[in-house]
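Input: a single structure, listed below in C-alpha cells.
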Amino acid sequence: MQLHGLSAHELAHGLAAREFSAREVVEDHLSHIKAVEDGVQAFLLTTPETACAEADAVDQARAAGEDLPPLAGVPVAHKDLFCTRGVRTTCGSRILEDFVPPYDATVVARCREARLPVLGKTNMDEFAMGSSTENSAFQVTGNPWDLERVPGGSSGGSAAAVAAGEAPFALGTDTGGSIRQPASLCGIVGMKPTYGRVSRYGVVAYASSLDQVGPFARNVTDCALLLGTIAGHDTMDATSVTDAPPDYVAEMRRGVDGLRAGLPKELFGEGIDPAVKSTILAAVDKLANLGIEIEEVEMPHVDYSLPCYYIIAPAECSSNLARYDGVRYGHRTAEPVSDIYDLFSKSRAEGFGPEVRLRIMLGTYTLSAGYYDAYYVKALKVRTLIKSDFDRAFEKYDVLLSPTSPTTAFKIGEKADDPLEMKLADICTIPVNLAGLPGMSVPCGFVEGLPVGMQIIGKPFGEPEMLRVAYGYEQAMGWERRRAAL
Amino acid sequence: MPEITEAEVRHVASLAKLALSEEELARVGRELNRILDYFAELQQLNTSEVPITSHALPLVNVYREDAVGESLSPDEATQNAPDGVDGYFRVPRIVE
C-alpha cells in the first residue's frame, strides 16, 4: 500500500482505525526516500533503525490498547539544526561534522512525546545562513518541482523532503524567512510562529532575537497539528511565553467571516516578479470573494528591513558562533599552533564556510568600538520604526497579505556567488522576524510550472487568524492536491 | 560611511578569531565594503528620538528556585571534545 502520499492527518486517521501499522507507514516512507533521494538530496542522515523501532513501539502500544497521542506513528523529519540525543547534528557545517549531542532539543523531545518516529536530519544552509541551501558544506538539495533549481533556504532540506513526499511533515527554523521562503519555492505550507511561541532550547543559535522553530506540511491542517505539537512554554528557554497555546485545528476551522486583511504596498513593489505579483493578487481576489475585507496599507519603514536585518543578524551571529573554538566540541585544526588563540583562529577558519566567515566578520565589525552606534544601535532604532508600522497596521487588520518570495525557485548556482543578491530572496519575510510576528506561506498557484506562495502575516500570537485565512483559501482552491512529479 | 581599510579587515579578523588567508582577507574586504555601502540607506532615517528594540517581545528576567536538578555527567559533557582526557579538555599551554 502506498502510504507516503498521504497527509499527516490522513495517516493519523488510518493508524487509529488500524488500516495500516506505524511500521508500514515508516517503511513506506523510507523506501520512497531511497527511491527519490538521489535526485532530491534532502537528508543529511536517515535513521531507519530507530524510526522502525519507534514505529514498532507505537504499534505494540496500540495493540495493547494503550492511550496514544493523536499523531502517534506519523513520521517526521528534523532540520539538522536541532540537537538530537545520540544522533549526529551538523548544522550543515564542517565545524560540527562529527558532533553528537548528549541531549534533545525541546521540539525534538515534544515530537518524541507525541510518538512521531524520526526519519532523519535534513540539509540546510550552514548554520541557517542562506536562502538556497547551497551553503551546506555537504550536499546540494534539489527542488522536487525541478531538480535543477534550489528548494530555497535555509531549511531547504525539510521543505524538499515534504514536497517530495519523503516525509508528511517536518520542522525547520526561520530567522529571516528560512521556513516561509523554502515552503513557497517548494509549493507547501510553512509557518514561522510568533517569537516566544516555540522553545528554542537545543536549537543551535544563529540570531537569537529572530530565530524561531516552525512546521512544514503539505496542507494547512497538518501545519496546525505540528504547530500544536511543538508550541508551549519551556522553562529551558527564558524567551518562551507562559500562556498555553490554543487548539490550532479547532481555531483553523472557525471560518474567515469578519476577518480584515491589509496589503502592505511596500511588499508589492519593484523587485517582485510581475507574474508572481499577479498570482498573489489573484489569490487576494479569491480571499475577497470568500468574504475577507481587504485594503492596501502603507508601511513606509518596511523598505529599510533588509539593511536593518543585515546588521542585526550578523551581529548576533558573531556573538553566538564565538562558542566554536575547537576545544569543547567541533573541528580542531591539525596544523601546529603557537598558542590558544592560534588554535581558535585556525580551527574556526578551517571549520566555517565562506558565507559564515563573512557574516561573522560583518557582525564583529558592526559591533566593534567606533562603529557600534553608527551601525548596530542605528539598526535597533530602525527596528523600532518597522515594528511600529506593523503595530499601526494591526490596529485595523487581522492579517497582512503579500508574496512570500519575490520570485519562484531559481537555478542552482544562479545567485550562489552574490550574497547581497541572494538576500533579496527574503525581502518580504525579513520584516516579520524583525517585528517578532508570526508569518506563514501557503501555496497559491504556479508560474511556468513552479510554485508560488502567499505570505499571511499575523499579530503577535495571531496564528489562529492566519490559519483561518490559510485554511479557508486552501478549501476553496485545492492547490495542495497538486504534487511534484518525481 | 568611510571605506573599510585592509588594516581594519585584519583587525576585525583578529577580534573574530578567524585565521584568514591573504586571498580571503581581500575577498571579505570587498564584500564588506559592498554591504556597508548598502547600509548607508539607513542614514536617510532620522532616529534621534527613536528608542531601540533589541527584542520584539517585552521580555523580563525569569527567576527560579536554586534547586538541584539533573545535568550532564563529565563524560557526556566532554564526549565531543576533539582532545578530551579523563573528563577534561586539553588545550595548548596558556600560562608560562
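Contact annotation: residue pairs with Cβ atoms under 6 Å, 6 or more positions apart or on different chains, pairing a residue in region B:55-66 that is facing chain A (nearest Cβ under 10 Å) with a partner that is part of a loop (DSSP other than H, G, I, E, B), are B:H55/A:S209; B:A56/A:Y195; B:A56/A:A435; B:A56/A:G436; B:L57/A:Y195; B:L57/A:G196; B:L57/A:G436; B:V62/A:A238. When B:N46 is tested against (1) of a type outside the set (A, V, I, L, M); (2) over 30 Å from A:D417 (Cβ atoms); (3) modelled with pLDDT of 95 or more; (4) surrounded by 12 or more Cβ atoms within 10 Å (Cβ to Cβ), exactly one condition is not met: (4). Of the listed requirements (1) assigned to a loop (DSSP other than H, G, I, E, B); (2) in contact with a Ser or Thr (Cβ under 8 Å, 6 or more places away or on another chain), A:Y329 misses just one: (2). Here A:L420, A:L486, A:L467, A:L424 are screened, and the one residue that is over 14 Å from A:Q181 (Cβ atoms), out of contact with any strand residue (DSSP E or B) (no Cβ under 9 Å at 6 or more places or on another chain) and not in a loop (DSSP other than H, G, I, E, B) is A:L420. Each residue in region A:230-275 was checked for being of a type in the set (G, A, S), farther than 30 Å from A:L71 by Cβ and not in a loop (DSSP other than H, G, I, E, B), and 3 pass.
Output the residue which, of all residues in region B:25-37 that are facing chain A (nearest Cβ under 7 Å) and surrounded by 16 or more Cβ atoms within 10 Å (Cβ to Cβ), is farthest from A:T384 (Cα to Cα).
Just the residues of region B:25-37 that are facing chain A (nearest Cβ under 7 Å), to begin with: B:28, B:31-32, B:34-35.
Those left that are additionally surrounded by 16 or more Cβ atoms within 10 Å (Cβ to Cβ): B:28, B:31-32, B:35.
Working: B:V28: 30, B:E31: 27, B:L32: 25, B:I35: 22 Å.
For region B:25-37, the residue satisfying everything is B:V28.
A residue that is within 12 Å of chain B (Cβ to nearest Cβ) and either in a loop (DSSP other than H, G, I, E, B) or under 19 Å from A:I292 (Cβ atoms) (or both) cannot be found anywhere in region A:439-448. A:R348 satisfies every condition listed in (1) surrounded by fewer than 24 Cβ atoms within 10 Å (Cβ to Cβ); (2) of a type in the set (K, R); (3) touching a residue at least 40 places away in the same chain (Cβ under 8 Å) except (1). Taking the condition of a type in the set (D, E, K, R), surrounded by fewer than 24 Cβ atoms within 10 Å (Cβ to Cβ) and at pLDDT below 95, does A:K415 pass? So A:K415 passes the test. Exactly one residue among A:D257, A:D237, A:D222, A:D243 is charged (D, E, K, R), buried (at least 24 other Cβ atoms within 10 Å of the Cβ) and out of contact with any Cys (no Cβ under 9 Å at 6 or more places or on another chain), and that residue is A:D222. None of A:A379, A:A349, A:A374, A:A334 is out of contact with any strand residue (DSSP E or B) (no Cβ under 8 Å at 6 or more places or on another chain) and outside any helix (DSSP H, G or I) except A:A334.
Could you check how many residues of region A:18-73 are small (G, A, S) and touching a Gly at 6+ places or on another chain (Cβ under 7 Å)? Qualifying residue count for the region: 4. Is there a residue in region B:21-32 that is of a type outside the set (D, E) and not in a helix (DSSP H, G or I)? Looking through region B:21-32, at least one residue is of a type outside the set (D, E) and not in a helix (DSSP H, G or I). Among the conditions (1) facing chain B (nearest Cβ under 10 Å); (2) under 20 Å from B:N46 (Cα atoms); (3) among the polar types (S, T, N, Q), the only one that A:T333 does not satisfy is (2).
Contact map, region B:70-96: first residue facing chain A (nearest Cβ under 7 Å), second residue part of a loop (DSSP other than H, G, I, E, B) and of a type outside the set (D, E, K, R), Cβ cut-off under 6 Å, separation 6 or more or different chains; pairs are B:L72/A:P102; B:E76/A:P102; B:N80/A:F99; B:N80/A:Y329; B:F89/A:V327; B:F89/B:A81; B:V91/A:V327; B:P92/A:V337.
Given the criteria of a type in the set (S, T, N, Q) and over 30 Å from A:H233 (Cβ atoms), does A:T408 qualify? Can you show your working first?
Details: of a type in the set (S, T, N, Q): yes; over 30 Å from A:H233 (Cβ atoms): yes.
For A:T408, the condition - of a type in the set (S, T, N, Q) and over 30 Å from A:H233 (Cβ atoms) - is met.
So which of A:T408, A:T404, A:T364 ends up being touching a Gly at 6+ places or on another chain (Cβ under 6 Å), of a type in the set (S, T, Y), in contact (Cβ under 8 Å) with a residue 24 or more places away in the chain and on the phi < 0 side of the Ramachandran plot? Steps first, please.
Details: A:T408 fails: touching a Gly at 6+ places or on another chain (Cβ under 6 Å); A:T364 fails: touching a Gly at 6+ places or on another chain (Cβ under 6 Å).
Of the residues listed, the single one that is touching a Gly at 6+ places or on another chain (Cβ under 6 Å), of a type in the set (S, T, Y), in contact (Cβ under 8 Å) with a residue 24 or more places away in the chain and on the phi < 0 side of the Ramachandran plot is A:T404.
Looking only at region A:317-326, which residues are within 8 Å of chain B (Cβ to nearest Cβ) and either hydroxyl-bearing (S, T, Y) or in a loop (DSSP other than H, G, I, E, B) (or both)? Scanning region A:317-326 gives A:S318, A:D325, A:G326. Taking region A:42-67 as the range and being touching a residue at least 12 places away in the same chain (Cβ under 8 Å), surrounded by fewer than 22 Cβ atoms within 10 Å (Cβ to Cβ) and either among the polar types (S, T, N, Q) or at positive phi (or both) as the test, the residues that pass are A:T46, A:T50. Here region A:82-102 is the region considered, the condition is being of a type in the set (A, V, I, L, M) and under 17 Å from B:T78 (Cβ atoms), and the residue that is farthest from the other protein chains (Cβ to nearest Cβ) is A:L96.
Where residues in region A:352-371 are within 7 Å of chain B (Cβ to nearest Cβ) and in a helix (DSSP H, G or I), which of them is farthest from A:E126 (Cα to Cα)? Let's see the steps before the verdict.
Step one: list which residues in region A:352-371 are within 7 Å of chain B (Cβ to nearest Cβ), which gives A:357-358, A:360-362, A:364-365, A:368.
Among the residues that remain, those that are also in a helix (DSSP H, G or I) are: A:357-358, A:360-362, A:364-365.
Working: A:R357: 11, A:L358: 12, A:I360: 13, A:M361: 16, A:L362: 16, A:T364: 18, A:Y365: 21 Å.
Restricting to residues being within 7 Å of chain B (Cβ to nearest Cβ) and in a helix (DSSP H, G or I), the top hit is A:Y365.
The single condition among (1) more than 25 Å from the chain's Cα centre (by Cα); (2) crowded, with 17+ Cβ neighbours inside 10 Å that A:D285 does not satisfy is (2).
For region B:3-20, the set of residues classified as more than 8 Å from chain A (Cβ to nearest Cβ), among the charged types (D, E, K, R) and in a loop (DSSP other than H, G, I, E, B) consists of B:E3 only. Answer yes or no as to whether A:T84 is at pLDDT 95 or above, among the β-branched types (V, I, T) and over 23 Å from the mean Cα position of the chain (by Cα). Against the criterion (at pLDDT 95 or above, among the β-branched types (V, I, T) and over 23 Å from the mean Cα position of the chain (by Cα)), A:T84 does not qualify.
The values are calculated or read from the model by the stated rules, or taken from the named source; none is laboratory data. Note that the coordinates shown come from a computational prediction; the quantities given were computed from them, not determined experimentally. Virtual Cβ from ideal backbone geometry, glycine too; neighbours counted across all protein chains shown.
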